[in-house]
Amino acid sequence: MSLIRKPIARQTGLFSIYSTAAIVVVLSVIYLDLATYVNHIYSSIEPKYLYYALAVIVAPLLLLKFREFLLYLASPFSVWVLAEIIVHSYDLLNATEASTHLIIIRDQYFILVLLFGFTASIIRTESYEGIFRILAIIVPVCVIIDFSNPGVFYPIATEGSVLGRAAAMYINPTKAGEAILITCLLAIPVTRLQYRMPLLLLAGAGAIVTFSRGPILVWMLFWLFLLIIRKLPKYSFVFPLGVFAVLPLLISVFGSYIQEHQDLDDGSTNILRRLDFFQTKSLADDSAQERLSVLEASWRIFLENPIFGSGTGVTSFQSNVWPYRVGAHNQLVMIAAEQGMVGVVLWVWLLVILWRGHYFQDTRFQLAAAVGTFIMAFFNHNMFDTLYWLMTFALVSGRRQWKN
C-alpha cells in the first residue's frame, strides 16, 4: 500500500508547485502590464505573443482538470463573460474594420481571463496571494522612479504617455494609478497590520505622481474605508489629519517643481490645473472639459439607440457619429452608448457578482472592490480592454480555494 501512495503524493506535490508557479507568473505579467509595455518598447513583439505563452503555461492544468473547467464555466463570472462575448460578437455584424479589430481583441481577452481565472480557482489561494504584496510595492516604486527620472522606462513623448505625469511600464498615467489601487486592494488583506500603513502611504505616493484625479480620490476613500473597518493600526487616524493639514504645502511644492521643469512645456499647464482641482474643485481645465463633452455625446448616442446601443467601438474611433479623438472616459456611459440597456444590465450584474464573491476572508473587502470599480468607472473606459481589470474581476468574484 505504501508503494502506491508515494507516487500519488509526489504527483500532487508536483502539481501544486507547478500550478502555483504558473499562476504567480501569470499574475505578475498581467498586473505589471508587461505584454503591452514590451510592445511599446519593441513594436515587433505584439502583446498576443506573451499572452499566448501564458496560455501555454497553464494549458496542462486545464487538461488535468478539464471536468472542473466545465464546472467553472457555469460560475457567475464565467456566465457574465460569455454573455459579454455574445453581445460583442453580435456587434460584428455591422462593425467597421477598426471596430471589428477591437471586438476580436476584446473577445480574446475575455477568453484568456476565463483560462487564467480557472487556473486561480483550482489553486490554494494562500499559495499565490502573497505575490500581491510584492506587486503592491513594485508598481508604485516604479511609478515614483519614472516621475523622478523621466525616460528611464520609455522614451519621452512615447505614444500614449503624458509629459510630466508618471506611468512607468503602463505608459498611460491613469492606467498606472489603477494598477496601484488594484494591487493595494488585493495586498492589504494579506499584509500584517503593522505594515499596512506604510503600504498604503506608498500607494498614495505613487498615485499622486500620476496626477490622475480618479485614482487619487479612490485612494483617499480606500484609506477612509480601512479606518472605519479598523484594518489599520490605531495611530493611523492621525495621518489623514496630517495630510489635509499639509495639503496646500504639498500642492505648492509640486507646483514649484513642475514650473521649474521647462522641458514639460504644455504638460506643466495641465498638471498645475489638476493640482488646483484639489484646492478649488474647479473643472475648468482642458481635460475636464473634454470629459464633459464626450459625456454629453455618449448620452446622445445612447438616447438614439437605448436598447441595444450603437455598436461596440462606436466611441473608440473618430467618425461622423463620434467626432472626438478620445474615448468616453466613463465606462458606464460608454457601455450605454455602445450596448444600450443590455450592456448596462450586464454592468450592474458584474458589480453584484463582485459584491457577492467570496475571494476575501473579510466580506467587507468584497463591497470595497465593487464600490471601487463603480467609482473608477467614472474616470476610465478601458476596463474590458485591460487584463488586470478583467483578472481582478475573475479573482474577486470567485471563491477562496483552501486546498489544491
**Study point:** Val326 versus Asp362: modelled label distance in nm, points set 7 Å from Cα along the beta carbon direction
**Key:** 3.6
Revision key, fill the gap. In order over region 205-217: 3J(HN,Hα) from phi, Karplus 6.51/-1.76/1.60, θ = phi - 60°, whole Hz, x for each Gly or Pro, gives 4, x, 5, 4, 6, 7, 6, 9, 4, x, x, 5, 5
Study note, to complete from the structure: Taking R0 as 35 Å and r as the Cβ-Cβ distance between Met220 and Ala74, the FRET efficiency 1/(1 + (r/R0)^6), rounded to the nearest 0.05, comes to 0.35
Check your understanding: If you rank Met376, Met197 by fewest surrounding Cβ atoms within 10 Å, what's the result?
Key -> Met197, Met376
Practice item. Order by neighbour count: Leu387, Leu227, fewest other Cβ atoms within 10 Å first, most last. Key: Leu227, Leu387
**Study point:** Estimated inter-spin distance, Val56 and Ala98, nm [label 7 Å along Cα→Cβ]
**Key:** 3.4
Revision key, fill the gap. The rounded separation in angstrom of the Cα centers of region 293-318 and region 130-156 is 35
Exercise for review: Provide the FRET efficiency to the nearest 0.05 for the Arg400-Ala21 pair, computing r from the beta carbons and using R0 = 22 Å.
Suggested key: 0.65
Check your understanding: Which of the GluC sites (Glu not before Pro) across region 97-184 are loop residues per DSSP, with 16 or fewer other Cβ within 10 Å?
Key -> Glu159
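We did not get these values from a lab; they are worked out from the coordinates using the rules stated. Worth saying up front: this structure is predicted, and the values here are computed from it rather than measured. Please note: Cβ atoms are built from the backbone with ideal geometry, for glycine as well, and neighbour counts cover all protein chains shown.
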